[in-house]
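J.: Please read through the structure below; I'll follow up with questions.
Every read-out reported here was derived from the displayed coordinates using simple, explicitly stated rules and does not represent laboratory data. A quick note: this is a predicted structure, and the numbers were derived from the prediction, not measured. For neighbour counting, all protein chains shown are included, and Cβ atoms are generated from backbone atoms with ideal geometry for every residue, glycine included.
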Amino acid sequence: MWKGKKVSKIQKKSRMSLLKRFIWYVVGFALFFAPFALFNRGLAFLLDEKRSGDIHATCFRMPLVDMLTGKGIVILSVTGISLILLLVSAFLLGPFFCGKLCAAGAFTEYLSRLLPDKWKVDWSKYVNPVPLRYGFFAAFIIGPIIGLSLSCSYCGYSFFEKFTNGGIWGDFGVLGSTAIITAFLWLVVFGLFTKGGRGYCNFMCPVGAAQNIVHAVGAKLPFTMKIKYDRKKCVSCNACVKDCPMRALTQGEDKKIQHSNHNCITCQQCVAVCPTKSITYGFGKGGWQQEEVKPVQEPKPVEKGA
Amino acid sequence: MKKKTVTGLVTGASATGITLTSSLTSTGAACTGVCGACSLGCASFAGLAAVGLFAFLGARSKKKGKITESPQ
Ligand code: SF4
Ligand code: SF4
Ligand code: SF4
């Protein structure tokens, strides 16, 4: 009986959480993305640095390569300060930028929520996103070090900026063949038609991957903030698994929940929908099961009348 | 080493390899997103991918139409 009541309550909680997160993402959009990029512009003004106010000021590809190739990095620069803030916040709070501020990732998530689930694919059932995203991240770092140039045209960030700039100023920039592919993959295949709507975040985004590497280390320490789980309180309703945009939660054979710090963005959507407060966000131990439990098998289809 | 770890390592290495190899080609290195620069016809690639996605979704919904049995 409580099931019927709780379901609508869960949906309400989910919507409230989405609304709260939406406000954060609007703030993030104004702070980091062109045409506003208030954080980047403000910092550049304070540091007397001449650079355009867009997301590239906070992209860490070049500073990271400069560091790895021995060129060094100017700490007191927009990129230097942004990189430090990004990694320190990920270590102490989880991927805060992804979970609260990145409007590019949020855009496809919210878009995908407009479509019914039956039209969407849960790619994480077919391939584990964690090695893929870390693999792309490795290439992202190694490429420029060995003198290869990876095309920024495929970046979801860049595309989001073109998209919003186009919407606001009518200036879409160069919309060529790669932009068509990026738009199609980022927005349609891995956005609209993907469960959670964060296929780009899950499989390709180097900024997200870097934060998750740092978070996975930080989450092992008691003084950092992380998503925590109380097995005893959990009634295995699966609401958290269904609502997780990053597919970072799975249900094990024992019906209890498993979690991965390698793709959780600490958005706290699972915290909001959990009816028994089994999932929380805070300091201390994570409480997730250490020993491996197999995820629940998909029911096998059989022919009618078989 | 566990099978899952090996699969993860192979998947990760493949992703790295494919990304680096694709950027070795002149297309990857020279790509500025300017339409027609590489004459590879990316729009047709996007079209093919679209057909693939919808075929996949169609096949999946057909499969879901069948009776399912619970795992034992
Ligand atoms: S993974 Fe990348 S695109 Fe996704 S929310 Fe994080 S920074 Fe943004
Ligand atoms: S596990 Fe929870 S906090 Fe992490 S991405 Fe999923 S819903 Fe967000
Ligand atoms: S953690 Fe909460 S939402 Fe998730 S299955 Fe358990 S009771 Fe349900």
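J.: Under a plain spin-label model, where a point goes 7 Å from the Cα along Cα-to-Cβ, how far apart in nm are A:Met67 and A:Thr276?
T.: My value for the distance between the label points is 4.2 nm.
J.: Amide H neighbours of A:Thr194 under 5 Å, counting only residues 5+ apart in sequence or on other chains, H built in-plane at 1.01 Å?
T.: Distant-sequence amide H within range of A:Thr194: A:Val121.
J.: Continuing with this model, one more query. Please give the average number of partner chain Cβ atoms lying within 10 Å of the Cβ of each residue in A:123-135, rounded to a whole number.
T.: Across the residues of A:123-135, the mean count of other-chain Cβ atoms within 10 Å is 4.
J.: Shape call for the range A:10-218 from the C-alpha gyration tensor, a ≥ b ≥ c root eigenvalues: rounded (a/c under 1.5), prolate (a/b greater than b/c) or oblate? Please list the in-between numbers first.
T.: Values: a/c = 1.41, a/b = 1.30, b/c = 1.08.
Since a/c stays below 1.5, the shape of the range A:10-218 is classed as rounded.
J.: Separate question: Please arrange A:Ile84, A:Ile213 by how many other C-beta atoms lie within 10 Å of their C-beta, fewest to most.
T.: Taking fewest neighbouring Cβ atoms as first place, the list is A:Ile84, A:Ile213.
J.: Separate question: Using +1 at the Cβ of each Lys and Arg and -1 at the Cβ of each Asp and Glu in the range A:226-282, identify which of A:Val271, A:Ala248, A:Asn238 lies farthest towards the dipole's positive end.
T.: Working it through, the farthest residue towards the positive pole turns out to be A:Val271.
J.: Considering every residue in A:186-196, what mean count of other chain Cβ atoms within 10 Å of its Cβ is obtained?
T.: 1
J.: What is the packing order of peptides A:253-265, A:274-286, taking the mean over residues of other C-beta atoms within 10 Å and listing the highest first?
T.: Averaged packing, sorted descending, gives the order A:253-265, A:274-286.
J.: For peptide B:4-13, how many partner chain Cβ atoms fall within 10 Å of a residue's Cβ, on average? Walk me through the numbers on the way to the answer.
T.: On the way: counts 3, 1, 0, 3, 6, 2, 2, 8, 11, 3.
Per residue, the average neighbour count from other chains is 4.
J.: Please report A:Leu114, A:Leu148 as a ranked list, fewest other C-beta atoms within 10 angstrom at the top and most at the bottom.
T.: Details: A:Leu114 8, A:Leu148 17.
Fewest-to-most Cβ neighbours within 10 Å comes out as A:Leu114, A:Leu148.
J.: Quick check on my link table: of A:Lys226/B:Lys4; A:Lys162/A:Lys226; A:Lys162/A:Lys255, which ones sit more than 32 Å apart, alpha carbon to alpha carbon?
T.: Listed pairs above 32 Å: A:Lys162/A:Lys226; A:Lys162/A:Lys255.
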